[in-house]
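The structure appears below as structure tokens.
The values are calculated or read from the model by the stated rules, or taken from the named source; none is laboratory data. From a predicted model like this one, the values you see are computed outputs, not experimental measurements. Every residue, glycine as well, gets a Cβ built from its backbone with ideal geometry; the counts of neighbours run over all protein chains shown.
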Amino acid sequence: MPARLFIIIFLSFFLLIATAAAAPAAAGISSAAADTSGTPPQDAAAYIAEAQGAVAESNWTFVLTVTTRGLAWYPDNPDLLCLQGYTFRKTGQYQKSVDIISKAIPLDPKAVRYANRGYGYLALGNYSAALNDADTGISLDANYTANYGVKALALSGLGRNGEALAAVDTALGQSPESAHYWHVKGAVLAAGGDCTGAQSALERSIAINPEYVLPWPGFGTAEEKLAAVKTGCNPAPAGTTPVKSPLGWIAVAGAAGAVMALGWRK
């Protein structure tokens with residue numbers, strides 16, 4: 001058999017298998033809302049619980065299936081809408097995420113919903129919209145830390161690194177052992193020209209949890225950002241002061257605590 005013909009047959013067979021494997025998942029989502037006549041098979045809380053369980057396992061296909069099925073019966077349920085929007089963000093479908101969470105917010109405006117949509121705006125590079133959501137979320141609940149993380153990234157994206165650092169330090173003041181906020185702080189410090197501080201913050205993030213769940217697929221890990229800082233961080237120009245954090249002592253105390261904890265384990 002000529003080599004060219006063999007390659008064509010092989011590729012056709014491979015595509016057939018791939019299509020067959022993807023079909024059940026796609027069919028499950030598209031047909032989830034096919035029949036909504038009669039009595040709902042379960043109440044909204046049951047769909048929410050199923051979806052939350054799937055989120056905990058990062059089973060995004062099942063989350064979409066469950067939320068689609070639930071929304072067919074309860075189209076105005078803000079929790080189902082936000083769970084689906086969260087899943088779209090985690091799977092890289094950022095505009096879909098923003099659009100569906102925008103349906104939920106007027107139904108039940110909460111700080112968590114603004115943070116959820118704010119991260120979607122960040123993923124799209126819409127820093128002004130993300131900042132608006134963060135500020136609104138903070139006004140609703142100043143103790144819901146995630147909005148300070150959104151605010152820090154939005155301000156940094158707008159080039160306002162001093163304000164960004166203040167926002168992430170507020171988040172760390174509330175959640176000092178958050179790998180994500182140390183990660184964000186490292187990114188903000190690097191953007192402000194404090195390469196040493198950025199490296200310290202990113203190392204702290206990695207020490208806490210090098211595999212924490214990223215807010216969206218393209219965010220990049222702390223290890224990747226640390227490598228970039230070590231090889232390509234641009235220090236603040238001579239005669240200027242890098243943007244530094246008033247909470248630098250937290251990193252020192254945290255590092256000391258980590259060393260002590262490791263010592264106790266040995």
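The number of residues in the range 196-214 that are under 28 Å from Gly120 (Cβ atoms) and at pLDDT 95 or above comes to 8.
Residue-wise test of (1) within 28 Å of Tyr86 (Cβ to Cβ); (2) in a helix (DSSP H, G or I).
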| site | (1), (2) |
| --- | --- |
| Tyr144 | yes, no |
| Thr170 | yes, yes |
| Glu177 | yes, no |
| Gly186 | yes, yes |
| Gln199 | no, yes |
| Ser205 | yes, yes |
| Leu214 | yes, no |
| Lys225 | yes, yes |
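Once the range 70-112 is narrowed to residues that are basic (Lys, Arg) and under 13 Å from the mean Cα position of the chain (by Cα), the residue that is nearest to Ser139 (Cα to Cα) is Arg89.
Of all residues in the range 59-77, those being surrounded by fewer than 19 Cβ atoms within 10 Å (Cβ to Cβ) and either closer than 25 Å to Asp135 by Cβ or among the charged types (D, E, K, R) (or both) number 1.
Can you find a residue in the range 34-48 that is part of a helix (DSSP H, G or I), within 22 Å of Leu124 (Cβ to Cβ) and modelled with pLDDT of 95 or more? No, the range 34-48 contains no residue that is part of a helix (DSSP H, G or I), within 22 Å of Leu124 (Cβ to Cβ) and modelled with pLDDT of 95 or more. Within the range 113-128, the set of residues being surrounded by 17 or more Cβ atoms within 10 Å (Cβ to Cβ) and assigned to a helix (DSSP H, G or I) comprises Arg113, Tyr114, Ala115, Asn116, Arg117, Gly118, Tyr119, Gly120, Tyr121, Leu122, Ala123, Tyr127.
When you look at Asp108, is it closer than 22 Å to Val63 by Cα, acidic (Asp, Glu), surrounded by fewer than 24 Cβ atoms within 10 Å (Cβ to Cβ) and in contact with a helix residue (DSSP H, G or I) (Cβ under 9 Å, 6 or more places away or on another chain), yes or no?
For Asp108, the condition - closer than 22 Å to Val63 by Cα, acidic (Asp, Glu), surrounded by fewer than 24 Cβ atoms within 10 Å (Cβ to Cβ) and in contact with a helix residue (DSSP H, G or I) (Cβ under 9 Å, 6 or more places away or on another chain) - is met.
All of (1) at pLDDT 95 or above; (2) part of a loop (DSSP other than H, G, I, E, B); (3) buried (at least 17 other Cβ atoms within 10 Å of the Cβ) hold for Gly193 with one exception: (1).
Would it be correct to say that Ala152 is within 17 Å of Phe219 (Cβ to Cβ) and either in contact (Cβ under 8 Å) with a residue 24 or more places away in the chain or buried (at least 18 other Cβ atoms within 10 Å of the Cβ) (or both)?
Answer is yes for this residue.
Residue count for the range 155-182 under the criterion of being under 14 Å from the mean Cα position of the chain (by Cα) and surrounded by fewer than 24 Cβ atoms within 10 Å (Cβ to Cβ): the result is 3.
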